[in-house]
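For reference, the structure discussed in these notes is given below.
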Amino acid sequence: MDEIVAEYIRRTVLKIPRDEIKTMLQKWGFLSEAQLQTVNFQQTKENISQEVVQLCEENSTDIKQAAVLDIIYNNIYPNKRVWSVYQMNKTGEEMEFFDLTEFKKKFKRHLRSALKNVTINFREYEDNAIWIRIAWGTPYTKPNQYKTSYVVYHSQTPYVFISVSVLKSNLPLLCQALIAASNYHHIREMELRSHSLNSLKDIVFKRYSQNFQTYHPRPLQERNGALECVDLRIVQENKKEKERIQRLNREAFGDGPQPKLEFAQYKLETILKSDPKMDVLDKNPFRCVVKFSSPHLLESLKSLAPAGMADAPLSPLLTCIPQKARNYFKIREKKGVFPESFVSP
């Protein structure tokens, strides 16, 4: 077995939590159950990785099998990567029968016609998701297995999820291979990114709203009544205001859990002006970037008004993120407000 392959397998095993190594190797299926029985999974991860490498040497493992193990790891831990959403489209509305074998053949042929030094691996999952792993090389160097790109494509949908570790110079090649293999005509980035691949899928497939029925909070009056029963001396102030905030919050976010996004970015471009004649003070646009970040941004926004940290309702620029399917926004002056020379492009 090649030393590069052996080292790659060792590092892949070291990334896996020790309690899950055996299960993941079983899913891999390249080592027999009898071989796995010889491994002491209670020892240190370094020793486990060395024993796994020895077994792989016995089986003459190559980079194709090692790449499959890497796909399995990334499928179980997709949140280790940052994903961007792309949407493909075609001129007609006709539906075509999806042939996975033909898709793989076209994708490989198109990508390798542009760059020979590239390794491509596929794995299909039960939810019709096709995982594609690409290791990129150059015309003069072998593919770098440690800087890989991942694509998750759901057949019969126009959406593609791409890990952003892809090199800018290779991204056009990847997009061209995707539209050629899937028989689409155009592809565009949707300005929607997150570590949570499942949440991105919930947003573009409109699945997050179905969760609204899974949680039924007690009405505010019922909860207030329960508190009053505990101690009659407690006075509930501003009941109507709290009920108004709860109602507006439900209208904006629903009752269920929100898709998990870590940030939202707003690029503002405006022109400084004075009142009341709206005279332009400076012909040069004023630009700034505002970024909201949180481990779970939408849930954080949802909690602001009930906690008294913001007025209800929140700005549509914040609440429209799932509906617009984007967390990157550009805010410019409306056309017609100023003379043509002053309107932002």
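Read-outs: derived from the displayed coordinates by stated rules, not from any lab. This is a predicted model, so every value here is computed, not measured. In this analysis, Cβ positions are derived from the backbone assuming ideal geometry, glycine residues included, and neighbour counts consider all displayed protein chains.
List of remarks:
- Ranked for footprinting exposure by Cβ neighbours inside 10 Å, fewest first, Asp202, Asp99 give Asp99, Asp202.
- ³J(HN,Hα) computed for each position of region 141-147 - Karplus, 6.51 cos²θ - 1.76 cosθ + 1.60, integer Hz, glycine/proline x: 10, 6, x, 8, 6, 9, 10
- Directionally averaged projected area (convex hull, Cα atoms, region 1-126), nm²: 10.4 nm²
- Using θ = phi - 60° in the Karplus curve 6.51 cos²θ - 1.76 cosθ + 1.60, the 3J(HN,Hα) couplings for region 115-124 round to 8, 6, 7, 8, 10, 10, 10, 10, 8, 9 Hz; x is entered for Gly and Pro.
- Mean silhouette area of region 130-186, derived from the convex hull of its C-alpha atoms and averaged over all directions, reads 4.2 nm².
- Added length on full extension, which subtracts the Cα-Cα distance from 0.36 nm per residue, Ser60 to Leu36: 7.0 nm
- Once backbone amide H atoms are built at 1.01 Å from N, Gly256 has Phe212 as its partners under 5 Å, excluding neighbours fewer than 5 places away on the same chain.
- Centroid-to-centroid, using Cα positions, region 154-195 and region 23-84 are 28 Å apart.
- P(r) tail for region 3-76: Cα pairs beyond 14 Å make up 53% of the total.
- Relative contact order for region 3-76: 47 percent, from Cα pairs under 8 Å spaced at least 6 residues apart, divided by residue count.
- Using the Cβ-Cβ distance between Arg250 and Lys45 with R0 = 45 Å, the FRET efficiency computed as 1/(1 + (r/R0)^6) comes to roughly 0.45.
- In sequence order, region 328-333 has phi-based couplings of 10, 10, 10, 10, 10, 5 Hz under the Karplus curve 6.51 cos²θ - 1.76 cosθ + 1.60, θ = phi - 60°, and Gly or Pro positions carry x.
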